[in-house]
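The values are calculated or read from the model by the stated rules, or taken from the named source; none is laboratory data. Worth saying up front: this structure is predicted, and the values here are computed from it rather than measured. Please note: Cβ atoms are built from the backbone with ideal geometry, for glycine as well, and neighbour counts cover all protein chains shown.
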Amino acid sequence: MSTARFVFLGTGTSERVPRVTCLSKQPPDCAVCLDSRRPGSKNRRRNTSLLVQAEGHYGSRVNIVIDAGKSFYEACLDWFPEFGVTKLDAVVLTHAHADAVAGLDDLRDWTMSTRSSMPLYVRSEDLPMLSKTHFYLLDPSIKMSGGGVARLDVVEVGDEPFDVLGVRFVPLPVEHGHGFSTNGYRIGDVCYIPDVSAIPESTETLMDGCEVLVLDALRPGRTHGSHLTLEEAVDVARHLRPPRTLLTDMAHDIGHEPVNAELAKLKDSEGLDIQLAYDGLSFESEV
Ligand SMILES: [Zn+2]
Ligand SMILES: [Zn+2]
């Protein structure tokens, strides 16, 4: 066992917060998007992504990122220097939606300057989609004019646990809308599930003993179909009762301070520790 650090590189839904249309409206009236422009605001949310800093093979410290979406570059600029990330060792994908993969092109920075290629862990069922959206990265025989591209070492993953440079990832398959699945991952006793509409019982079994649950909570009230609402996420925590739950993948319908204050009341009333994550939040756990 060793101590790993987990850093939220992003906690926002695909559109991110702020939304352009909220700020371009005259006059703008979305309090959350307006507040997100304030330096240090916890309402500014980039695409969901998690940095795992853990002990890998031979006692080395490795930096692994889960998902590289549309705001990957900006998130790295903000948080990599802050958390001492001088090298990136691998990227693991949950699924192939744009808010999880659109930043893969920017891996070229690392494969041109710090390493010859980047290991990329991808579910087998996501490869056909990725081969269309990122054909020039997945097929190095395709010659593009212009500069170089990121050099990826694609590793296909199935439902079985796999090892990323000495760090064990346990896939947590979940529903992400009707007829579509995505992976969450368990690393040590941390269960990270950023895109989910329903958790099958077989996956709940894999989450036994979870210490920190990170869970999708898109917005309050209106059901979405592909994501849990805030209320549904709280119900999952009620059901599984992990010692700590952090919510992510949030839209601009959720204001950090007031919603967190409401969630904090659940500690006294039901013994539930549920809080909203925010970009740059970090925590440690044994893995
Ligand atoms: Zn807004
Ligand atoms: Zn998605």
Which residue is farthest from the chain's Cα centre (by Cα), if the candidates are limited to region 10-42 and must be within 17 Å of W79 (Cβ to Cβ) and away from ligand 2 (no atom under 16 Å from the Cβ)? P39
Please go through region 200-230 and give me each residue that is more than 16 Å from ligand 2 (Cβ to nearest atom), aliphatic (A, V, I, L, M) and under 19 Å from Y278 (Cβ atoms), ordered by number. V212, L213, L230
Give the number of residues within region 71-101 that are surrounded by fewer than 19 Cβ atoms within 10 Å (Cβ to Cβ) and either within 15 Å of ligand 2 (Cβ to nearest atom) or closer than 13 Å to L130 by Cα (or both). 1
With surrounded by fewer than 22 Cβ atoms within 10 Å (Cβ to Cβ), basic (K, R), more than 9 Å from ligand 1 (Cβ to nearest atom) and farther than 17 Å from I254 by Cβ as the only criterion, which of R37, R5 stands out? R5
Here the residues within region 177-199 that are among the acidic types (D, E) and either surrounded by fewer than 23 Cβ atoms within 10 Å (Cβ to Cβ) or more than 14 Å from ligand 2 (Cβ to nearest atom) (or both) are D189
Please list, ordered by first then second residue, the pairs with beta carbon atoms under 9 Å, 6 or more apart or interchain, first in region 18-29 and in contact (Cβ under 8 Å) with a residue 60 or more places away in the chain and of a type outside the set (S, T, Y), second within 16 Å of ligand 2 (Cβ to nearest atom) and outside any helix (DSSP H, G or I). P18/R45; R19/A251
Determine whether region 49-59 contains at least one residue that is at pLDDT 95 or above and farther than 30 Å from S116 by Cα. no
Selected residue [within 13 Å of ligand 1 (Cβ to nearest atom) and basic (K, R)] from K42, K25: K25
Could you tell me whether L104 is under 18 Å from the mean Cα position of the chain (by Cα), closer than 21 Å to A54 by Cβ and of a type in the set (A, V, I, L, M)? no
Residue check, L51 touching a residue at least 24 places away in the same chain (Cβ under 8 Å), within 16 Å of ligand 2 (Cβ to nearest atom) and hydrophobic (A, V, I, L, M, F, W, C): no
Considering only residues of region 255-281 that are part of a loop (DSSP other than H, G, I, E, B) and over 18 Å from the mean Cα position of the chain (by Cα), which is surrounded by the fewest Cβ atoms within 10 Å (Cβ to Cβ)? G271
Would you be able to say whether some residue in region 9-20 is surrounded by 24 or more Cβ atoms within 10 Å (Cβ to Cβ) and more than 16 Å from ligand 1 (Cβ to nearest atom)? yes
Based on this model, can you work out whether V122 counts as among the β-branched types (V, I, T), touching an Asp or Glu at 6+ places or on another chain (Cβ under 8 Å) and within 20 Å of V52 (Cβ to Cβ)? yes
Restricting to region 112-125, count the residues that are buried (at least 17 other Cβ atoms within 10 Å of the Cβ) and in contact with a Gly (Cβ under 8 Å, 6 or more places away or on another chain). 1
Quick one: which helices (runs of 4 or more DSSP H) lie wholly within region 1-82 and hold at least 3 residues that are within 21 Å of T94 (Cα to Cα)? 72-79
